[in-house]
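Presented below is the structure to which this report refers.
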Amino acid sequence: MTLRTHETNATYHVVEYAHERLRERLESLSAGAPVKMELTRAGSRGNGWRADGVYLRSESAEDAAAGG
């Protein structure tokens, strides 16, 4: 999955997910859906990232903890 920041158009390539439920949640979103992500670098080279959490703009942190 490729993510793009609104502010700078930087791209992040998600290559790992903290857990299967998070991957499924992200796959269910429409392309271009605005989200806030928690990312951790996956490995030491390249632009690969692990998705650790996702927050939809309409959710509170408590509702979205650990990806949903």
Could you list, in sequence order, all residues of segment 38-57 that are closer than 17 Å to residue 2 by Cβ and basic (Lys, Arg)?
-> 41, 50
Considering segment 6-18 alone, what residues qualify as being under 17 Å from residue 50 (Cα atoms) and more than 11 Å from the chain's Cα centre (by Cα)?
-> 10, 11
Would a scan of segment 41-57 turn up a residue that is modelled with pLDDT of 90 or more and part of a loop (DSSP other than H, G, I, E, B)?
-> yes
When segment 16-33 is examined, which residues are found to be out of contact with any strand residue (DSSP E or B) (no Cβ under 8 Å at 6 or more places or on another chain) and outside any helix (DSSP H, G or I)?
-> 19, 30, 31, 32
Which one is modelled with the highest pLDDT among residues in segment 19-39 that are more than 10 Å from the chain's Cα centre (by Cα) and either crowded, with 16+ Cβ neighbours inside 10 Å or of a type in the set (S, T, N, Q) (or both)?
-> 28
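The values are calculated or read from the model by the stated rules, or taken from the named source; none is laboratory data. Keep in mind that what you see is a predicted model, and the values were worked out from it rather than measured. When we count neighbours, we look across all protein chains shown, and the Cβ atoms used for this are built from the backbone with ideal geometry, even at glycine.
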